[in-house]
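What follows is a set of notes on a single structure, which appears directly below.
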Amino acid sequence: MKKYNSIGELFIDYRKFYNLSQTDFANLINVDLRTVQRWEKDLNLIKSEKEEDIVLATLMPYQLVHNLNATIPIPTFYNFKTRKYSLSGQNIELPKLGWYLDQIDIESNNLRTIDFDFDIKHLEQFIDSQKRDNTYVNYDLIKEATRLLPELNFVFTGKSGYYAGHCIVLPINEATYENLKTRKISNKDLRASNLINYKNLERPIFYRYDITGDSNDSVFYIMAKFFRFFRNMENKNYLFCGYTERDDNYKLNLQVGLNIVWEDKILQKELELDYPPRFLEGDFNAYLSSIE
């Protein structure tokens, strides 16, 4: 994470990360070029009502923008790759596993099942921007996943009420699992026809499509709900799998019971990652049994 001390510094790095000119950025947030130039030089503050437009257009966390858009800015750490912020340099790593186990039953009223018509623009914008591909998300896939598995397809809104993270997990059929595992298809190829009603299967297969939160607090509530589902599931003969490019969860994935099937070290170099993109599979039975 990088420490930001001003809104101008943040906007400059946002444009660099997404390869946008000042004109591109101005068009994205519906202001004129001169306004962006003055913001980046920290000559003007953003009007409070415009903060919301910027948050919705860029999907940068509201608290991040709000902290830096002040006469006396609150220094805030942020990572564009993981879309996570923190107020302290000591709180930039993901929490230890014990944190989830100790407080797994703490719930939040800010978690709700995906409302497709309302949420899809935020989900699509976030996922497409992370993948640098504006054709990545398939609408029917998200709709069907939410219908079949509403418990694991949800969004989280922070204390401010703005989008702060989501969980999208797919109940997939056996053939789809084999094709993903052997790299015959990727996330971008997935369609609603690859999903199945898992409830009557001898071995349900759940696929991590995308899980993210904008801070450790958001991640905690999202993952606590995620783990509660598997803890309470009667059929323990399930398989959980997924593909991820994230650096920050590499060790945690192994600690909760997932095993690496393959890694892509060529893509690791292209994306300049600390750890290679990878396909993992396993279950959380041993990990979750310690709290029963």
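Annotations
- When Tyr287 is tested against (1) within 19 Å of Lys84 (Cβ to Cβ); (2) outside any loop (DSSP other than H, G, I, E, B); (3) hydroxyl-bearing (Ser, Thr, Tyr), exactly one condition is not met: (1).
- Qualifying positions in the stretch 157-205 - out of contact with any His (no Cβ under 6 Å at 6 or more places or on another chain) and within 30 Å of His66 (Cβ to Cβ): Thr157, Gly158, Lys159, Ser160, Gly161, Tyr162, Ala164, Gly165, His166, Cys167, Ile168
- For beta carbons closer than 6 Å, sequence separation of 6+ or different chains, a first residue in the stretch 61-74 that is in contact (Cβ under 8 Å) with a residue 24 or more places away in the chain and among the polar types (S, T, N, Q) and a second that is in a helix (DSSP H, G or I) and crowded, with 22+ Cβ neighbours inside 10 Å, the qualifying pairs are Asn69/Ile7.
- Neighbours by Cβ (under 9 Å, 6+ apart or cross-chain): first from the stretch 256-273, on the phi > 0 side of the Ramachandran plot; second small (Gly, Ala, Ser): Gly257/Gly282; Gly257/Ala286
- From the list Lys159, Lys181, the one residue that fits, being charged (D, E, K, R) and either closer than 14 Å to Arg208 by Cβ or touching a Pro at 6+ places or on another chain (Cβ under 7 Å) (or both), is Lys181.
- Filter pass, Lys96 being more than 30 Å from Ser6 (Cβ to Cβ), among the charged types (D, E, K, R) and modelled with pLDDT under 90: yes
- Selection within the stretch 205-238 - assigned to a loop (DSSP other than H, G, I, E, B) and touching a helix residue (DSSP H, G or I) at 6+ places or on another chain (Cβ under 9 Å): Asp214, Ser215, Asn235, Lys236, Tyr238
- Of note, Lys236 does not satisfy the criterion of being assigned by TED's automatic domain parsing to the domain that holds Asp283, surrounded by fewer than 18 Cβ atoms within 10 Å (Cβ to Cβ) and within 23 Å of Pro276 (Cα to Cα).
- Applying the condition of being in contact with a helix residue (DSSP H, G or I) (Cβ under 6 Å, 6 or more places away or on another chain) and among the aliphatic types (A, V, I, L, M) to the stretch 263-292 and asking which residue is modelled with the highest pLDDT yields Leu280.
- Test: residue in the stretch 178-195 that is surrounded by fewer than 18 Cβ atoms within 10 Å (Cβ to Cβ), among the small types (Gly, Ala, Ser), touching a residue at least 24 places away in the same chain (Cβ under 8 Å) and out of contact with any strand residue (DSSP E or B) (no Cβ under 9 Å at 6 or more places or on another chain): yes
- Selected residue [surrounded by fewer than 19 Cβ atoms within 10 Å (Cβ to Cβ), touching a Pro at 6+ places or on another chain (Cβ under 8 Å) and at negative phi] from Asn44, Asn5, Asn27: Asn5
- Enumeration of residues in the stretch 239-284 that are part of a strand (DSSP E or B) and surrounded by fewer than 16 Cβ atoms within 10 Å (Cβ to Cβ): Leu239, Asn259, Ile260, Trp262, Glu263
- Test for Ile222: is it on the phi < 0 side of the Ramachandran plot, in contact (Cβ under 8 Å) with a residue 24 or more places away in the chain and over 20 Å from the mean Cα position of the chain (by Cα): no
Conditions tested, residue by residue: (1) modelled with pLDDT under 95; (2) assigned to a loop (DSSP other than H, G, I, E, B).
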position: Ile120; (1), (2): yes, no
position: Glu124; (1), (2): yes, no
position: Leu141; (1), (2): no, no
position: Ala145; (1), (2): no, no
position: Ser160; (1), (2): yes, yes
position: Asn179; (1), (2): no, no
position: Arg203; (1), (2): no, yes
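- Long-range neighbours under 6 Å by Cβ, at least six apart or interchain, first residue hydroxyl-bearing (Ser, Thr, Tyr) within the stretch 101-117, second surrounded by 11 or more Cβ atoms within 10 Å (Cβ to Cβ): Ser108/Tyr221; Thr113/Pro150; Thr113/Phe154
- Scanning the stretch 5-51 for residues that are closer than 18 Å to Ala70 by Cβ, touching a residue at least 24 places away in the same chain (Cβ under 8 Å), outside any helix (DSSP H, G or I) and not acidic (Asp, Glu) yields a total of 5.
The values are calculated or read from the model by the stated rules, or taken from the named source; none is laboratory data. This structure is a prediction, so every number in the text was calculated from the model and none was measured. Backbone-built Cβ (ideal geometry, glycine too); neighbour counts: all protein chains shown.
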